[in-house]
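Beneath this line is the structure, given in structure tokens, with notes to follow.
Throughout, read-outs are computed from the coordinates displayed, never taken from laboratory work. Because the structure is predicted, anything quoted here is derived from the model rather than measured. Every residue, glycine as well, gets a Cβ built from its backbone with ideal geometry; the counts of neighbours run over all protein chains shown.
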Amino acid sequence: MRDFDDIRRDLAAGTATVESITRDYLASIGRQSGLNAFLAVFSESAVEAAREVDRKRSNGTAGSLAGMVVSVKDVLAMKGERLTCGSKILDGFIAPYDATVIARLRAADAVLIGKCNMDEFAMGSSTEHSAFGRVHLPEDEARVPGGSSGGSAVAVSAGMSTASLGSDTGGSIRQPAAFTGVVGLKPTYGRVSRYGLVAFASSFDTIGPFASRVRDAAHVLQTIAGYDPYDATSSAVPVPEYASALTGEVKGLKIGIPREYFGPGLNDEIRSAVDAALRTLREHGAAVTEVSLPHTEYTIAAYYVLATAEASSNLARFDGTRYGFRAPEAAELNGLYVRSRTEGFGPEVQRRIMLGTYVLSAGYYDAYYRKAQKVRRLIAQDFDRVFAAVDCLLTPTTPTTAFRAGEKTDNPLAMYLSDIYTTSANLAGIPGISVPVGRDRRGLPIGVQILGKKFDESTILRVADVLESAHAQ
């Protein structure tokens, strides 16, 4: 994996150009096409963009990300490019505009190299639920890279882009980052504009970066964060200089360890890796204390009631009439709806739509949806109470390392439990980051998660940077 500092040194030394770097990444994508990480590769436009950045560099007008090559999860709109969300129902759809995050990357002179494979409509934890085939883990192609942003994680871990954008609704950046051994950052809800992101669950969805280094993730977040008038949920809270927080020091910070995250089901090697990370933080002067988040046990249940309810509403627009797939030879309107959605959506998306429709239906709304909203508030209050005493939390990112393809596809509950340590951050709207801290006995990456206070990405980046330096693989 090549980080942005390496690239900038090469550019400054004159040993590389943005065009040559871009061509190197394109060659890497071609060599590793069997990983199925990309759904579209912008071979021509990426090279043209790189040449333009080289011209800007020659006259001193290049942006802050000049030389960074970025891939994008195929859930974000890029004008004139396919936007499939990993689904047959949007196969062939061309985005009419740029998402705000895409526009900001372009303005900073990042080179956009392609769209990455994903679980259909971001619904999955393994990137096996794509209409265009599953994504393979580079270390062991029989295993999964996590999901739903598995293609983006692999693009970075396999050296096919410097960074990548993903989306995180219940762990879809952090969990694949842990499985693939890269950094994955989920910002605070509202920190990054969702304009141009195809919605799964609108009160949960967050856009964030994958990178090989914490510093690179900070650079990307710096570019994409901030208020956007096109997104009513984006926040006007000022965006700090994230890279300046990476001091290599955590002395005086108070780190909380939630006891509920270390119960049955946690892999022993991951537990040992978390313990090693805690020792590192203590050695660097941080205070570590055990805390309690008592409503953690209700996280998965509340999440899958609320997220599927929102998915049911959001995905109602895909009905075969306005855009995307339309079932051929439908005799009447109702038949067109039924056939288009039956043939266009995969089984996991259908499952979640039906579950969400059920919990919103008359007679069940109060029993499920309203109750889950109350539980969500209790979970958020748990974090508010704990963050009054500590600066951030350290937890496992996942209960296991990468599992084998097909191992959990017939057991949805087992698959959903892959996100048991990540969904709470989406329920509460707080930021989280996964950083690699080692490998298990099979050579599979292990990640630890740092959770922070709302809009305090600086602190979790600071802690992640120290752990990265101490546990570099």
Among 119-130, 368-379, the order from most to least packed when residues are scored by Cβ within 10 Å on average: 119-130, 368-379
Here the residues of the range 391-413 lying in the modelled label zone of Val288, meaning backbone nitrogen under 11 Å from a point 7 Å along Cα-to-Cβ, are 394-395
Paramagnetic label zone (point 7 Å from Cα along Cα-to-C-beta, Ser313; backbone N under 18 Å) in the range 160-176: 169-170
Cα-Cα pairs in the range 285-361 separated by more than 21 Å, as a whole percent of all pairs, come to 46
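Where Lys and Arg each count +1 and Asp and Glu each count -1, what net charge lies around Ala12 among other residues with Cβ under 14 Å from its Cβ?
On the way: positive: Arg8, Arg9, Arg57; negative: Asp5, Asp6, Asp10, Asp54.
Charge balance near Ala12 sits at -1.
Can you order the peptides 386-397, 325-336, 192-203 by their average number of other Cβ atoms within 10 Å per residue, highest first? Intermediate results must be reported in sequence, preceding the final value.
Details: 386-397: 20.9, 325-336: 12.5, 192-203: 22.6.
Answer by packing, highest mean first, reads 192-203, 386-397, 325-336.
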Using alpha-carbon pairs under 8 Å, 6+ residues apart, how would you state the relative contact order of the range 4-245 in percent? 17
Tally the DSSP beta bridges in the chain and give the antiparallel ones as a percent, rounded to 5. 65
Simple SL model, points at 7 angstrom along Cα→Cβ for Ser43 and Ser58; separation in nm is 2.6
With contacts defined as alpha carbon pairs under 8 Å and 6 or more residues apart, what's the relative contact order of the range 425-473 in percent? 40
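Please say if the range 1-126 is rounded, prolate or oblate, where rounded means a/c under 1.5 for a ≥ b ≥ c the square roots of the C-alpha gyration tensor eigenvalues, and otherwise the choice is prolate for a/b larger than b/c and oblate otherwise? Before the final figure, lay out the partial values.
Values: a/c = 2.31, a/b = 1.67, b/c = 1.39.
Prolate shape, in that a/c is at least 1.5 and a/b is the bigger ratio.
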Whole-percent tail of the Cα-Cα distance distribution for the range 339-473, cut at 19 Å, equals 65
Based on the mean of other beta carbon atoms within 10 Å per residue, what is the order of 436-444, 72-80, most packed first? 72-80, 436-444
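Please compare each pair in Lys371/Lys454; Lys186/Lys454; Lys73/Lys186; Lys371/Lys453; Lys56/Lys79; Lys254/Lys454 to a cut-off of 19 Å on the Cα-Cα distance and tell me which ones are over it. Could the numbers behind the result be given before it?
Numbers: Lys371/Lys454 24 Å; Lys186/Lys454 11 Å; Lys73/Lys186 14 Å; Lys371/Lys453 25 Å; Lys56/Lys79 23 Å; Lys254/Lys454 16 Å.
Going by Cα-Cα distance, Lys371/Lys454; Lys371/Lys453; Lys56/Lys79 fall outside the 19 Å limit.
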The range 4-245 shape via C-alpha gyration tensor axes, a/c threshold 1.5: rounded
If you stretched the chain out fully between Arg442 and Glu249, how much longer would it get, using 0.36 nm times the residue separation minus the C-alpha to C-alpha distance? 66.3 nm
Length released on extending from Ser272 to Asp10, taking residue separation times 0.36 nm less the Cα-Cα span: 90.5 nm
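May I ask you to compute the full-extension gain from Arg385 to Ala301, defined as 0.36 nm times their residue separation minus their alpha-carbon distance, rounded to one decimal in nm?
Taking 0.36 nm per residue and subtracting the Cα distance, the gain is 28.1 nm.
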Inter-label distance for Ala232 and Ala107, nm, one decimal - labels placed 7 Å from Cα along Cα-to-Cβ: 2.3
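To the nearest 500 deg cm²/dmol, what mean residue ellipticity at 222 nm is calculated for the chain from DSSP H runs of n ≥ 4 alone, each contributing -39,500 (n - 2.57), summed and divided by the residues? If you can, show how the numbers build up before the last one.
Numbers: 15 runs with 174 residues, N = 473.
That comes out to -11500 deg cm²/dmol.
Net charge within 13 Å of Glu241 by Cβ-Cβ distance, Lys/Arg positive one each and Asp/Glu negative one each, not counting Glu241 itself? Please report the intermediate quantities before stating the final value.
Values: positive: Arg215, Arg462; negative: Glu457.
Counting the neighbours of Glu241, the net charge comes to +1.
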